[in-house]
Amino acid sequence: MASITLDNVGKVYPGGTRAIGEVSIDIADGEFIVLVGPSGCGKSTLLRMVAGLESITEGTVRIGDRVVNNIEPADRDIAMVFQNYALYPHMSVRQNLAYGLKNRGTPRAEIERRVDEAAQILQIGPYLDRKPRALSGGQRQRVAMGRAIVREPAAFLFDEPLSNLDAKLRVTMRLEIKQLQKRLGTTSIYVTHDQLEAMTLADRLVVLSAGRVEQIGTPLDVYRQP
Ligand code: ADP
Ligand code: ADP
């Protein structure tokens, strides 16, 4: 686990659009931060900068005590969960879970231990030999989370992981993510525009507006009626 520190972070896209300006946030070890705000306010850009999928044009991002501005995504010790699952269609669930670890040269016995543990946590054991197309949306999202868990990263980054699911499943999965957080306690940044997800999951909420931090606080602080 690790803290994440954003220090005066800014982003200007190559075309000249300013997406993020002067964002400073100290995320504690084990803290669950939810980024909220209207469409286009910069949530996705900010998350992708922490992930290394977008360049950081101003300021610094630290994961633990390491400045990661110039560190490749694969070397940042983070795992990201995407809205569209991003599973490999030709691989079984087990292969999807093992793939990233194999690439890193993790010993086979250790891979098996982590895959079994993730399968047990996420209750996807019965589906390990299926291909993603033979799974429901909720099962696919569990596999996507499993792929992040087996990495045992310093932090999880979630980009609207539940927004492709129907309303009922979103409720279930929201509670499952909460349980997961209690069990693993891994530092997380979670982007959503669902207020219930934000309130249920966040230790602290960061409200972005036009690329800047408008408010930061506990769900009670942020959603309390004036
Ligand atoms: P959100 O995730 O909150 O919807 P985004 O981070 O996607 O917001 O977008 C923030 C701003 O940056 C928007 O004005 C958007 O149009 C712009 N933007 C996002 N991606 C790019 C890009 N690749 N090139 C140029 N502008 C972009
Ligand atoms: P979301 O807000 O759900 O991430 P979008 O439809 O805003 O989805 O963006 C989809 C993709 O297009 C993202 O990868 C984003 O970076 C890119 N994008 C968004 N706005 C722009 C833009 N103005 N110019 C170029 N690319 C953009």
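The values are calculated or read from the model by the stated rules, or taken from the named source; none is laboratory data. All of these numbers come straight from a predicted model, not from anything done at the bench. When we count neighbours, we look across all protein chains shown, and the Cβ atoms used for this are built from the backbone with ideal geometry, even at glycine. Side chains included, ligands, DNA and RNA excluded: accessible areas come from the protein's heavy atoms. Shrake-Rupley method; radii C 1.70, N 1.55, O 1.52, S 1.80 Å.
Assorted remarks:
- Residues that are assigned to a helix (DSSP H, G or I) and under 13 Å from the mean Cα position of the chain (by Cα), drawn from the range 157-177: I177
- Residues in the range 145-199 that are among the hydroxyl-bearing types (S, T, Y) and at pLDDT 90 or above: T186, T187, S188, Y190, T192.
- Test: R147 is buried (at least 18 other Cβ atoms within 10 Å of the Cβ) and either under 24 Å from R130 (Cα atoms) or basic (K, R) (or both): yes
- Any chance L184 is within 15 Å of the chain's Cα centre (by Cα), open to solvent by 50 Å² or more (accessible area, probe 1.4 Å) and within 23 Å of L128 (Cα to Cα): yes
- Among the residues listed as V61, V93, the single one being open to solvent by less than 60 Å² (accessible area, probe 1.4 Å), touching a Phe, Trp or Tyr at 6+ places or on another chain (Cβ under 7 Å) and modelled with pLDDT of 95 or more: V93
- Residues in the range 11-30 that are of a type in the set (A, V, I, L, M), within 15 Å of ligand 1 (Cβ to nearest atom) and either in a helix (DSSP H, G or I) or under 21 Å from F158 (Cβ atoms) (or both): A19, I20, V23.
- Among the residues of the range 122-136, just one is of a type in the set (S, T, Y) and assigned to a helix (DSSP H, G or I), namely Y127.
- One residue from K131, K168 being buried (at least 16 other Cβ atoms within 10 Å of the Cβ) and among the charged types (D, E, K, R): K131
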